[in-house]
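Heads up: the structure comes next, in structure tokens.
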Amino acid sequence: MKKLIIVLLGIGFLQGCEEVIDDFDKGCTSDCTTVNGVFVTAENVPLKGIKIEVDYNTHVDHSYSTRNIKKAVTDEQGFYDLTFFAKDTELGNGGPGTFRLQADFSVLDTTKYMVPDRVFMYGNFNLSRRDTVLSKAFYVPRKAVIKVSLHNFVPQQPGDKVVVSTFFPSGGKVDDGFLDTDYNTGAHTVAAKNVLNQTMDLFAAAGETNIVRVYRVKNGVSSQEEIQLFIGPGNPVQLDYDF
């Protein structure tokens with residue numbers, strides 16, 4: 001029996017413990033930190049009803065603690081504002097944890113938008129002082145479908161393949177992104193099946209300029225081609241390629 005108790009205690013120790021502190025209802029009247037921004041889609045149309053929250057996560061040895069600090073919902077203009085009080089122990093880079101800002105997109109129609117399940121918009125970040133304002137805009141692309149037809153796909157040797165990718169604006173604002181846009185880059189990739197003639201559906205951003213990239217390996221030799229393609233609303237796009 002003693003051996004069993006020791007084993008159970010050991011398992012509990014390895015699993016650690018997790019504590020969740022709910023401070024959502026606590027306000028801030030002075031010396032506050034503010035995180036704000038806007039959610040938009042194509043043509044800067046605002047997105048209403050997206051849930052945003054900020055929390056503080058601590059990980060010490062085998063113990064985990066999360067302080068739920070503030071939550072908000074985007075308004076008619078797609079704007080959100082999180083104003084909260086950071087504790088002394090949460091300031092500086094040498095603290096036991098980090099802040100995290102996340103968004104829940106479940107209000108959006110997945111047939112109309114390319115919607116992530118949940119996005120950590122800032123990842124983990126620290127605050128050196130309380131009277132700080134952080135702004136984070138976020139772009140959610142409207143969904144379009146490009147039909148890519150591949151003809152005469154006959155692999156000659158192992159490793160021969162065709163991979164088609166689309167790249168489009170998606171995510172938070174960046175200073176120097178892959179595309180000519182203010183926002184980060186999303187992507188969708190489909191690999192060809194071992195079928196002679198086939199059509200692949202790739203997601204792209206409606207109302208935006210997308211990059212379509214075709215990567216081939218034929219007879220062991222790789223090649224790549226890409227085009228820029230603007231997709232207007234309601235315009236079906238069909239592309240044809242030979243292996």
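For the stretch 142-242, the Cβ-based charge dipole about the Cα centre amounts to some 400 debye (Lys, Arg positive; Asp, Glu negative; other atoms uncharged).
Considering only Gly172, Gly37, Gly92, the Gaussian network model of the chain with Cα springs below 10 Å gives its largest mean-square fluctuation to Gly92.
When Kirkwood radius over Cα pairs in Å is computed from the coordinates, the matching label among (1) 18.6; (2) 21.4; (3) 19.4 is (2). Given +1 at the Cβ of Lys and Arg, -1 at the Cβ of Asp and Glu and no other charges, the dipole of the chain around its Cα centre is 700 debye to the nearest 20.
The stretch 73-87 and the stretch 169-236 have Cα centres lying 34 Å from one another.
Between Phe85, Phe168, Phe138, the GNM of the chain built on Cα springs shorter than 10 angstrom shows Phe85 fluctuating the most. Considering only Pro233, Cys17, Thr98, and ranking their Cα positions along the charge dipole of the chain that arises from unit charges at the beta-carbon of Lys, Arg, Asp and Glu, the one farthest toward the positive end is Cys17. Report, ordered by chain and residue number, the aspartates and glutamates lying within cross-link reach of Lys112, taken as a straight Cα distance under 16 Å and ignoring same-chain residues fewer than 8 apart. Candidates past the 8-residue exclusion: Glu43, Asp201, Glu208.
Calculated mean residue ellipticity at 222 nm for the chain: -2000 deg cm²/dmol, from DSSP H runs with n ≥ 4 weighted as -39500 (n - 2.57), summed, divided by the residue count and rounded to 500. Label-to-label distance, Thr29 versus Asp131, with points set 7 angstrom from Cα along the beta-carbon direction: 1.8 nm. In this structure, the amide hydrogen of Gly207, modeled 1.01 Å from its nitrogen in the peptide plane, lies closer than 5 angstrom to those of Ile231, Gly232, counting only residues at least 5 positions away or on a different chain. With respect to the chain, whose longest principal axis is taken over its alpha-carbon atoms, helix 2-15 is tilted by about 60°. Between Asn57, Phe85, Leu134, the Cα set farthest toward the positive side of the dipole of the stretch 18-139 (charges on each charged residue's Cβ, about the Cα centre) is that of Leu134.
None of the figures in this text is laboratory data; all of them are computed from the coordinates on show. These numbers come from a predicted model, not from an experiment. Ideal geometry is used to build each Cβ from the backbone, glycine not excepted, and the neighbour counts take in all protein chains shown.
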